[in-house]
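Engineer: Sharing a structure here in structure tokens format.
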Amino acid sequence: MSAWLSILSDLFLLLVGIGILLLIGLYVRDVTQTRDAVLRNYPVIGHFRYIFSTLGEFFRQYFFAMDREEMPFNRAERQWIEHASKDNSTTVAFGSTRSLEIRGTPIFENCAFPLLDEQKRPPATVTVGEGWCRTPYSNNSIINISAMSYGAISRPAVRALSAGAKLAGCWLNTGEGGLSTWHLEGGGDIVFQFGTAKYGVRNAQGHLSTERLREVTAHDTVRMVEIKLSQGAKPGKGGILPGEKVTQEIAQIRGIPAGQPSISPNRHPDINDIGELIDMIERVRDIGGKPTGIKFVAGGMEWVHELFEEINRRGLGSAPDFITLDSGDGGTGAAPMTLMDHVGLPIRESLPLLVDALDAHGLRQRIRVVTSGKLVNPAGVAWALCTGADFVNSARGFMFALGCIQSLRCHRNTCPTGITTHDPRLQKGLDPADKAVKVANYVAQITGAVEIIAHSCGVPEPRALERKHVRLVQENGKSIRMSELYPRVVS
């Protein structure tokens, strides 16, 4: 008996030793790989996330959330982006888990004779500012990287987005935090944004500096300039960057003290009315020679009609070259819940109103429309194109492509995937080279899927989609053509 006990004891110790060696090997593998930030930052134990996620697919009724229940983005949406960014198949089986009876759900009208492969075309190229500025900008990308400031997101995240934009042929919006070397590093197209604090282009008094703006727009890859009036998550309140995220480098780029919270004014102090807004647009365009636009989240549309009336009075040269319309449910790292939940129109309502206003004033061909706000999947992008947008921006879609797991730690500097933190220990999990490829894959998959929708509707490319091609589910569960809900009447 004692011999058997000795053998069993030795076998147990051998198995324990093998287990320890396997754990050591797994630890080394996790900390040296670059494809998964969670595993690199949390070696070994990070695998439990994927174990639990996988189990959740088979035992959904025993877990808290079903595929379509989570907010602000559900499991089905996140998994589509994850598969797309890895260039894996996005095909699913056994039917849709999305309810087709929820109000506002888009349903696209497929035609009896969809286009053959030889009849299909890539997305049409759209030119911004042609005839109105010294250096107009042309691009055919239907999905682009929305505003995320360096500071709100980390250095490796900016580097990955910059390189990914170059690979994908889309643009990267800097956000209001200024232009850094990391934005320029990848060589992709850049939309430079400045907000109410004029970060990156401000003088000592916080006003717009002609010299600094000229320096920024002198870069060949800076293609357009965007003046941010407001954003969806916090209309009427300026940007917020906690002090722990204001590093010495970020402070220098923004022109503010390091270690102190970066809080922008709630509006531009030097823009008090529509006339001064138009003056600012013309000044910025004259300094840089690049297409210049404005970004805002819509509340009432009265001021928009007043803006368009004043443009027509002054002449088309006074118009912004583009308008970026954000959604009232837009995302950000830090915003008061009251503003995020209750202020600003969602894009489903405001986008058709904006396009209709441009039509009514005869400005639709002069002013290009960019839109953003939870448009992270092909159906959302296709809906925006049907409604009348020229381009779609996404921030959170690209955050998911970088590896975001929606841990909701954006404002605490403790992001576990290294995207919204300046903690070097957490940043090391985000490899810019690997994530740049995922960014490009996401763009390609979105574009390909929207092309499929367009071809199913009988048009050769995505920008040929119109409101008649999409139906929206109403309160009674039945759908109605968007062209009947919002008929476009061109002036």
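All of the numbers you see were taken from the coordinates with simple rules; none came from a lab. These figures come from a predicted structure and were not determined experimentally. FYI the Cβ positions are ideal-geometry reconstructions off the backbone, even for glycines, and counts take in every protein chain you see.
Engineer: Search the structure for amide H atoms under 5 Å from the amide H of Arg202, placed 1.01 Å from N in the peptide plane, and list their residues when 5 or more places away or on another chain.
Structural biologist: Those qualifying (amide H under 5 Å, at least 5 residues apart or on another chain) are Ser209.
Engineer: Show me 145-153, 121-129, 318-326, 430-438 ranked by packing, highest mean number of other Cβ atoms within 10 Å first. Mind dumping the intermediate values first?
Structural biologist: Numbers: 145-153: 28.0, 121-129: 16.8, 318-326: 25.2, 430-438: 21.1.
The most tightly packed comes first, giving 145-153, 318-326, 430-438, 121-129.
Engineer: Sticking with this structure for a sec: Taking amide hydrogens as modeled 1.01 Å from N in the peptide plane, which residues meet the under 5 Å criterion relative to Thr324, leaving out close sequence neighbours?
Structural biologist: It is Ile294, Lys295, Phe296, Val370, by chain and number.
Engineer: Got a sec? Which residues in segment 352-372 would a label at Met301 touch, if it sits 7 Å along Cα→Cβ and we count backbone N under 16 Å?
Structural biologist: Counting only backbone N, you get 352-365, 369-371.
Engineer: Using the 2.2 N^0.38 Å rule of thumb for compact globular proteins, work out how the chain stacks up: its C-alpha Rg over that value, please.
Structural biologist: 1.06
Engineer: Still on this model: When the dipole is taken about the Cα centre of segment 227-303, and only Lys, Arg (+1) and Asp, Glu (-1) are charged at their Cβ, what size is it in debye, to the nearest 20?
Structural biologist: Here the size comes out at about 320 debye.
Engineer: Across segment 132-144, in residue order, what do the Karplus-derived ³J(HN,Hα) couplings come to in whole Hz, using 6.51 cos²θ - 1.76 cosθ + 1.60 with θ = phi - 60° and x for Gly and Pro?
Structural biologist: Per residue, the Karplus-derived 3J(HN,Hα) values read 10, 9, 5, 10, x, 10, 10, 7, 10, 5, 8, 10, 9 Hz.
Engineer: Pick out, from Ala160, Gln427, Thr90, the residue whose Cα sits farthest towards the positive end of the charge dipole of the chain, with +1 on the Cβ of Lys and Arg and -1 on the Cβ of Asp and Glu.
Structural biologist: Gln427
Engineer: State the Cα centre-to-centre distance between segment 163-199 and segment 367-427 in whole Å.
Structural biologist: 14
Engineer: Classify segment 192-277: rounded, prolate or oblate, from the alpha-carbon gyration tensor (a ≥ b ≥ c, eigenvalue square roots; a/c under 1.5 rounded; otherwise prolate if a/b is larger than b/c)?
Structural biologist: Judged from the Cα gyration tensor, segment 192-277 comes out oblate (a/c at least 1.5, b/c at or above a/b).
Engineer: Of the peptides 356-362, 210-216, how do they stack up when ordered by the mean number of other Cβ atoms within 10 Å, highest first? Intermediate results must be reported in sequence, preceding the final value.
Structural biologist: Numbers: 356-362: 17.7, 210-216: 16.0.
In descending order of packing, they fall as 356-362, 210-216.
Engineer: Quick one: which residues, 5 or more positions from Gln193 or on another chain, have an amide H under 5 Å from its amide H? H modelled 1.01 Å from N in the peptide plane, none for Pro or chain starts.
Structural biologist: For Gln193, whose amide H was placed from the backbone, the distant partners under 5 Å are Thr174, Gly175, Glu226.
Engineer: Still on this structure, please answer the following. I'd like to verify something in the chain: which complete DSSP H helices, judged by Cα projection on the helix axis, reach 24 Å or more and average at least 1.6 on the Kyte-Doolittle scale?
Structural biologist: Result, helices passing both filters: 2-32.
Engineer: Per-residue counts of other Cβ atoms within 10 Å, averaged by peptide: what ranking do you get for 37-44, 475-482, highest first?
Structural biologist: 37-44, 475-482
Engineer: Can you sort Val370, Val343 from fewest to most other Cβ atoms within 10 Å of each residue's own Cβ?
Structural biologist: Least to most surrounded, the residues fall as Val343, Val370.
Engineer: My understanding is that a pair violates if its Cα-Cα distance is over 23 Å; which of Lys374/Lys435; Lys86/Lys468; Lys295/Lys374 do that in this structure? Please report the intermediate quantities before stating the final value.
Structural biologist: Values: Lys374/Lys435 21 Å; Lys86/Lys468 34 Å; Lys295/Lys374 16 Å.
Listed pairs above 23 Å: Lys86/Lys468.
Engineer: Calculate for the chain the 222 nm mean residue ellipticity that helices alone would give, adding -39,500 (n - 2.57) per DSSP H run of length 4 or more and normalising by residue count, nearest 500 deg cm²/dmol.
Structural biologist: Details: 17 runs with 191 residues, N = 491.
Result for the chain, helices only: -12000 deg cm²/dmol.
Engineer: From the phi angles alone, apply the Karplus equation (6.51, -1.76, 1.60; θ = phi - 60°) to segment 289-300 and give each ³J(HN,Hα) in whole Hz, x where the residue is Gly or Pro.
Structural biologist: For segment 289-300, the Karplus-derived couplings read x, 9, x, 10, x, 10, 10, 7, 9, 7, x, x Hz, x marking Gly and Pro.
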